[in-house]
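**Q** Let me begin by handing over the structure; questions about it come next.
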DNA sequence: TGCTTCAGTGAACAGCGTTAACTGTTAACG
DNA sequence: CGTTAACAGTTAACGCTGTTCACTGAAGCA
């Protein structure tokens, strides 16, 4: 019945991350301090260094966990939806992302708000947070590719896009399961508009115009769906 | 020839803000510390309190200055453009904003990146930074309203938007110089897409798909212009 | 049993924003 | 002109932060 030493370690590690998240929710990212976490757990600050090599590493682990939680939530949403129309799942996913963001604004802010304009990166692409972000992005990518392969939607021609853009998009054709550049362009369009919209709503940058952006989001989502040749989202 | 005391004060104040900006550019917002600024100026940290009541106030002043600089740059861009077609100025403005953002990523990050999801705000709407942001937003608002009044563009009907959204948009009709809700919807659409696009590009969130987002931005800008019933941007 | 591993502590360091008390210069006023 | 008050700036200190080092005590293993 007495816990193993490795189990104890895992339990403490989970407690640390849980505490960090609680502090994140209650006071924003600035409240997630090494000392604050230690204080909350009844430990001394250096004790945390047995679990994380630095404060930044703790935040990275928290970010990775949150990405994975969001990814799992969206995948569960897909699995529980029996609708054979994959286009409907795109609405499901988009609304799911927005709902999660609005329900967890602090977490969302940590994941997507903390923008790092680091032009000379060269090496921070293998952090836990970044890898988890890639897994998250793959969810949307996979669904869009499935939608495409189930019923290819009309897309702009290569002449419309121009050679420079086509060259870049074609380079991503393999990642997008063989979609043509015009279709990838629409997929990118879908993502950028959805992402931008949710960020602006959660970060309160729409407040000056709309006190409740829900209806606006719905209308925009319908427009974006139209661009992918999808039908009306829901009867509602 | 010896400078007045009030002039000396103004000069020091300008030096402080210039130093703060230099630190911002070279090391991000985290590098703009009270002590760092003082060190750079050969002063002791408490001396800065003769000019700013707190570190936050210094940042606010810097934000306000940057907003004003950006606003002035965009207005100068408009004034130097003799094109009577106001629609063309929308492209000019959009490209001007993007150019400024790409040329000054650190400053842009301070202005637009640091998102503050503060739901229980109630009182931070009168900071210098927020007021300057309103002046900045007014530039776009004014031009869109001018475009509308010069040549009203086709816009979605109230039935298309739904009563909830129409009610919110109508409440902004006065601010938008009497534009109808459908037109305000398109104006908002213009702003959200432009804003989201530039943020994603500057903050490197498009790098996984596009190494150079210029062509993509151009294509998107054309789409957004189409939605406002504008003609082709430029022969180029 | 003896040795090692490891969680955790206490003290300390450098850096941060901020405050209080103090010094010298500079402008203003009777 | 001389007094006085305002002002720019300093030094010292407080509490906070992330981080390191030397150390203790207990758990795990041979």
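The values are calculated or read from the model by the stated rules, or taken from the named source; none is laboratory data. Since we're looking at a predicted model, the values are computed, not measured. Here the Cβ positions follow ideal geometry from the backbone for every residue, glycine too, while neighbour counts run over all protein chains shown.
**Q** Go through the stretch A:8-23 and give me each residue that's at pLDDT 95 or above and within 12 Å of DNA strand D (Cβ to nearest atom).
**A** Answer for the stretch A:8-23, where residues must be at pLDDT 95 or above and within 12 Å of DNA strand D (Cβ to nearest atom): A:9, A:20, A:23.
**Q** Inside the stretch A:199-217, can you point out the residues that are more than 7 Å from chain B (Cβ to nearest Cβ), surrounded by fewer than 22 Cβ atoms within 10 Å (Cβ to Cβ) and at pLDDT 95 or above?
**A** The one that is more than 7 Å from chain B (Cβ to nearest Cβ), surrounded by fewer than 22 Cβ atoms within 10 Å (Cβ to Cβ) and at pLDDT 95 or above: A:214.
**Q** Residues in the stretch A:205-215: is at least one closer than 30 Å to residue A:60 by Cα and in contact (Cβ under 8 Å) with a residue 12 or more places away in the chain?
**A** The answer is no; no qualifying residue exists.
**Q** Does any residue of the stretch A:159-177 turn out to be under 21 Å from residue A:94 (Cβ atoms), at pLDDT 95 or above and more than 9 Å from chain B (Cβ to nearest Cβ)?
**A** Yes, because at least one residue in the stretch A:159-177 is under 21 Å from residue A:94 (Cβ atoms), at pLDDT 95 or above and more than 9 Å from chain B (Cβ to nearest Cβ).
**Q** While we're here: What number of residues in the stretch B:96-125 are out of contact with any helix residue (DSSP H, G or I) (no Cβ under 9 Å at 6 or more places or on another chain) and either at pLDDT below 85 or at the interface with chain A (Cβ under 10 Å from one of its Cβ atoms) (or both)?
**A** Adding up the residues that qualify gives 5.
**Q** Right, here's the next one. Could you check, for the stretch A:33-49, whether at least one of its residues is more than 10 Å from DNA strand D (Cβ to nearest atom) and loosely packed, with under 14 Cβ neighbours inside 10 Å? Walk me through how you get there before you give the answer.
**A** Just the residues of the stretch A:33-49 that are more than 10 Å from DNA strand D (Cβ to nearest atom), to begin with: A:40-43.
Narrowing the set further to residues that are loosely packed, with under 14 Cβ neighbours inside 10 Å leaves A:42.
Yes; the residues of the stretch A:33-49 include at least one that is more than 10 Å from DNA strand D (Cβ to nearest atom) and loosely packed, with under 14 Cβ neighbours inside 10 Å.
**Q** Which members of the stretch B:45-58 meet the condition of being without any contact (Cβ under 8 Å) to a residue 12 or more places away in the chain and more than 8 Å from DNA strand C (Cβ to nearest atom)?
**A** B:47, B:50
**Q** Of the residues that make up the stretch A:54-66, is at least one more than 18 Å from residue A:127 (Cβ to Cβ) and more than 9 Å from DNA strand D (Cβ to nearest atom)?
**A** Within the stretch A:54-66, none of the residues are more than 18 Å from residue A:127 (Cβ to Cβ) and more than 9 Å from DNA strand D (Cβ to nearest atom).
**Q** Which residue out of B:30, B:61 is buried (at least 16 other Cβ atoms within 10 Å of the Cβ) and either at negative phi or in contact (Cβ under 8 Å) with a residue 40 or more places away in the chain (or both)?
**A** B:61
**Q** Also, quick follow-up: Answer with yes or no whether residue B:192 is within 30 Å of residue B:109 (Cα to Cα) and touching a helix residue (DSSP H, G or I) at 6+ places or on another chain (Cβ under 9 Å).
**A** Answer is yes for this residue.
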